[in-house]
Amino acid sequence: MKWLFLVLLICVFSCKDHSSNTDTEASALTSEEVNGVLAFESDIDLKIYDYDGLEPLINKTDDKVHVVNFWATWCAPCVKELPYFEEINVKYKNNNVEVLLVSLDFPKNYETKLKPFIRSHDLKSKVVAFDDTNQNRWIPAINKNWSGAIPATIIYKGDKRKFYERSFTQEELEVEIQGFLK
């Protein structure tokens, strides 16, 4: 009987130790996975601009068609149309079309929302963050008729420039791009 009790006691303690090790290993694995994801997300090179820094990016004078979309992760119509801009980026990359996605997300959300969004949606277009609190200066500088609502898009090439305060379907966006490629 002593032997049986001793064997049961050893089993209980050895199981507890094993369970404890498994919990520790699981915790370590979860911690590594979380750190791995955060490390990867922080590898996203997100440039942050105020208007003075953004202005040269939205007023280039080369021979490319530039598509600049103002969006945010919290804007449902913006998120809905993002795949269309991504498709334009891929489809017309060899036709001198350049897509720039300008995020108007709040700076406090860059690490927790914007970068994870970029990663999870595998955005290939250039994404920059825009952080300028002087809206009375930059909104009319981008377009004098812009209310500041998003999504908003600028398409330009050379002296030809159009501003859209609306969302697009894939077809509508392609028609606009085609007009600049002619």
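Values as computed for the structure displayed
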item	result
Tally, over region 111-124, of residues that are over 9 Å from the mean Cα position of the chain (by Cα) and modelled with pLDDT of 95 or more	0
Residues (touching a residue at least 40 places away in the same chain (Cβ under 8 Å), closer than 17 Å to THR61 by Cα and not aromatic (Phe, Trp, Tyr)) located in region 142-166	ILE142, ILE154, ILE155, LYS157, GLY158
Conditions (1) surrounded by fewer than 17 Cβ atoms within 10 Å (Cβ to Cβ); (2) touching a Ser or Thr at 6+ places or on another chain (Cβ under 7 Å): number failed by ASP122	(2)
Flag for PHE85 being surrounded by 14 or more Cβ atoms within 10 Å (Cβ to Cβ) and farther than 18 Å from PHE168 by Cβ	no
Candidate set: region 138-163, residues that are surrounded by fewer than 14 Cβ atoms within 10 Å (Cβ to Cβ) and of a type in the set (S, T, N, Q); chosen: the one farthest from GLY179 (Cα to Cα)	SER147
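The values are calculated or read from the model by the stated rules, or taken from the named source; none is laboratory data. For clarity, every value in this text was computed on a predicted model and none was experimentally measured. Here the Cβ is made from the backbone with ideal geometry for all residues, glycine too, and neighbour counts use every protein chain on show.
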